[in-house]
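*Asks:* Next up is a structure, given as structure tokens.
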Amino acid sequence: MRYDKTFQDKIDALHAEGRYRIFADLRRRRGSYPVAEHFSPERVRDVQVWCSNDYLGMSQHPSVIKAMHEALDSVGAGSGGTRNISGTTHYHVELEAEIADLHGKQSALLFTSAYIANDATLSTLVKLMPGTVIFSDEKNHASMIEGIRHGGGDKHVFRHNDVSDLEAKLKKYPKGTPKIIAFESVYSMDGHIAPVAAICDLAEKYNALTYLDEVHAVGMYGPRGGGIAEREGVMHRIDIINGTLAKGFGVMGGYIASSRACCDAIRSYAPGFIFTTSLAPAIAAGALASIRHLKASTAERARHQERAATLKAQLKLRRLPVVDNPSHIVPVMVGDPVHCKAVTDVLLDRYGIYVQPINYPTVPKGTERMRFTPSPVHTDEQMDYLIGALETLWAACPVANGTYVRLAAE
């Protein structure tokens, strides 16, 4: 067995398909976001970042940075262990209480990421309740899919945001069968928003738990940043909420918020929680400061929505293939992995605009795209510059069915 040849063959296959991923080597400068330094073998230069999940720029907020500095100076760097063995600091306790309050739940539980929170929670729920059937939206995140798979129970995938298809699948099971409906509020690649209230109606009708991933909504929607469920007044109808501290809140980590009994059961049984070193105290402190700020301030949310709406409107005006949706996500379709990479390479190399190509398996083959995420601090001038660059590229290329086909010769 030639192990390295096997590895290299797999990598070569990705190159041949046009979906080999290259990481952009970036270094942010505090206070300059969305500008960052880009390091390449040829040079170091400033670029405009247009694809960050730091949606509100909270990683740069003075209160967040101050809280992290104070925690680092007070207690040092690491947490010291798992939550059970010396890794529960007062910062973790305060943060979980703040998250529970944000979502109107009795309790919350911190994880090192929202991916781990989804995987650990969904897989453990099935093991805690033998015979559970999970009903999963077909566009759910990979972390939810993995959690459901690891649970090993029965599952049904319903058509995206289709409550009729969901009900048709639910009604096949007796009311006493334990059931979980797992779905997202904002779907991050298309920008769709789930019919949360209608799904809650079905959950009540068929005696199912609701498991809502609000990762791309927390901090950004609702009067206090509690997400789509808060905005639509149905947060009390959601049994388990999954969220992140790494996007709208600008730091790192994930969580669930639910009843005291549910969180305690996951805390006590989920290997992904039990055997993992807890978040560093400085990270917990920064997240705590971010949540507290966004509970009280609506300025960031209002500006964020305006920026996203403005960019979409400008792209439509120029007849560029933006995917319309009701959220802050701004996808521009390309439709081919090689061409998608070519476009983003030119944007970076020629214009100093960084946006990462989104290819399979993140999105289905044939739907490759650029995914723009304007923040409150992207200026009109930066937006005009981006749109001008895109117009130049599209004008130089043949287009079929509104989708970019090939990049003109350099």
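*Asks:* Among the residues of the stretch 299-310, are any polar (S, T, N, Q) and over 30 Å from Met129 (Cα atoms)? Let's see the steps before the verdict.
*Replies:* From the stretch 299-310, those polar (S, T, N, Q) are 305, 310; that's our starting set.
If we keep only those that are over 30 Å from Met129 (Cα atoms) too, we end up with 305, 310.
Within the stretch 299-310 (the criterion being polar (S, T, N, Q) and over 30 Å from Met129 (Cα atoms)), the answer is yes, since at least one residue qualifies.
*Asks:* Same structure, new question: Kindly indicate the residue of the stretch 158-190 that is of a type in the set (Asp, Glu) and in contact (Cβ under 8 Å) with a residue 40 or more places away in the chain and also least open to solvent (accessible area, probe 1.4 Å) among those meeting that condition.
*Replies:* Glu184
*Asks:* Across the stretch 12-56, what is the total count of residues that are touching a Gly at 6+ places or on another chain (Cβ under 8 Å) and either assigned to a helix (DSSP H, G or I) or closer than 22 Å to His293 by Cβ (or both)?
*Replies:* Count: 5.
*Asks:* Next up: Can you run down the residue pairs with Cβ atoms below 7 Å, 6 or more apart or on separate chains, where the first is in the stretch 57-79 and part of a helix (DSSP H, G or I) and the partner is of a type in the set (S, T, N, Q)?
*Replies:* Met58/Ser290; Val64/Ser290; Val75/Thr89
*Asks:* Being surrounded by fewer than 24 Cβ atoms within 10 Å (Cβ to Cβ), hydroxyl-bearing (Ser, Thr, Tyr) and over 26 Å from Lys66 (Cβ atoms) narrows it down to one residue among Tyr206, Tyr211; which is it?
*Replies:* Exactly one residue qualifies, and that residue is Tyr206.
*Asks:* Can you say whether Gly366 is closer than 13 Å to Met333 by Cβ and of a type in the set (Gly, Ala, Ser), as far as the supplied structure shows?
*Replies:* Working: closer than 13 Å to Met333 by Cβ: yes; of a type in the set (Gly, Ala, Ser): yes.
Yes.
*Asks:* Still on this structure: Which condition breaks for Tyr33 when tested against (1) at pLDDT 95 or above; (2) open to solvent by 10 Å² or more (accessible area, probe 1.4 Å); (3) under 23 Å from the mean Cα position of the chain (by Cα)?
*Replies:* Exception for Tyr33: condition (1).
*Asks:* Tell me, please, whether a residue that is open to solvent by less than 60 Å² (accessible area, probe 1.4 Å), in contact with a Cys (Cβ under 8 Å, 6 or more places away or on another chain) and under 13 Å from Ile274 (Cβ atoms) can be found in the stretch 120-132.
*Replies:* Looking through the stretch 120-132, none of the residues is open to solvent by less than 60 Å² (accessible area, probe 1.4 Å), in contact with a Cys (Cβ under 8 Å, 6 or more places away or on another chain) and under 13 Å from Ile274 (Cβ atoms).
*Asks:* Picking from Lys105, Lys10, which residue would you name as being over 25 Å from the mean Cα position of the chain (by Cα) and among the basic types (Lys, Arg)?
*Replies:* Values: Lys105 fails: over 25 Å from the mean Cα position of the chain (by Cα).
Testing whether each residue is over 25 Å from the mean Cα position of the chain (by Cα) and among the basic types (Lys, Arg) leaves just Lys10.
*Asks:* Return the only residue of Ile283, Ile353 being β-branched (Val, Ile, Thr), in contact with a strand residue (DSSP E or B) (Cβ under 9 Å, 6 or more places away or on another chain) and at pLDDT 95 or above.
*Replies:* Of the residues listed, the single one that is β-branched (Val, Ile, Thr), in contact with a strand residue (DSSP E or B) (Cβ under 9 Å, 6 or more places away or on another chain) and at pLDDT 95 or above is Ile353.
*Asks:* Any chance the stretch 143-155 includes a residue that's modelled with pLDDT of 95 or more, closer than 30 Å to Val334 by Cβ and crowded, with 21+ Cβ neighbours inside 10 Å?
*Replies:* Yes, some residue in the stretch 143-155 is modelled with pLDDT of 95 or more, closer than 30 Å to Val334 by Cβ and crowded, with 21+ Cβ neighbours inside 10 Å.
*Asks:* For the stretch 318-332, which residues satisfy the criterion of being in contact (Cβ under 8 Å) with a residue 60 or more places away in the chain and within 14 Å of Thr373 (Cα to Cα)?
*Replies:* Val323, Asn325, Pro326, Ser327, His328, Ile329, Val330, Pro331
*Asks:* Right, another one. Give, as residue ranges, the helices (runs of 4 or more DSSP H) completely inside the stretch 191-302 that count at least 1 residues that are in contact (Cβ under 8 Å) with a residue 24 or more places away in the chain and over 18 Å from the mean Cα position of the chain (by Cα).
*Replies:* Passing ranges, in order: 196-206, 260-269, 271-274, 281-296.
*Asks:* Report yes if Lys295 is modelled with pLDDT of 95 or more, surrounded by fewer than 21 Cβ atoms within 10 Å (Cβ to Cβ) and among the charged types (D, E, K, R), otherwise no.
*Replies:* The answer is yes for Lys295.
*Asks:* Okay, next question. So the check is Cβ under 7 Å with 6+ separation or different chains; which pairs have a first residue in the stretch 142-157 that's touching a residue at least 24 places away in the same chain (Cβ under 8 Å) and a second one that's of a type outside the set (Ser, Thr, Tyr) and assigned to a strand (DSSP E or B)?
*Replies:* Qualifying pairs under 7 Å: Met144/Ala182; Met144/Asp213; Ile148/Ile134; Ile148/Lys155; Ile148/Ala182; Gly153/Val133; Gly153/Ile134.
*Asks:* Quick test of your reading of the structure: Ala100 fulfils all but one of (1) in a helix (DSSP H, G or I); (2) under 24 Å from Glu230 (Cα atoms); (3) open to solvent by 30 Å² or more (accessible area, probe 1.4 Å). Name the failing condition by number.
*Replies:* Among (1) in a helix (DSSP H, G or I); (2) under 24 Å from Glu230 (Cα atoms); (3) open to solvent by 30 Å² or more (accessible area, probe 1.4 Å), the lone unmet condition for Ala100 is (3).
*Asks:* To continue, here is another question. Residues to consider are Pro376, Pro337; find the one that is closer than 26 Å to Pro34 by Cβ, in contact with an Asp or Glu (Cβ under 9 Å, 6 or more places away or on another chain) and modelled with pLDDT of 95 or more.
*Replies:* Working: Pro337 fails: modelled with pLDDT of 95 or more.
Result of the check over Pro376, Pro337: Pro376.
The values are calculated or read from the model by the stated rules, or taken from the named source; none is laboratory data. What you are looking at is a predicted structure, and each value in this text was computed from that prediction instead of being measured. Using ideal geometry, Cβ is built from the backbone for each residue, glycine included, and neighbour counts are taken over all protein chains shown. When the accessible area is computed, the model is the full protein with side chains, heavy atoms only, and any ligands, DNA or RNA have been set aside. Shrake-Rupley method; radii C 1.70, N 1.55, O 1.52, S 1.80 Å.
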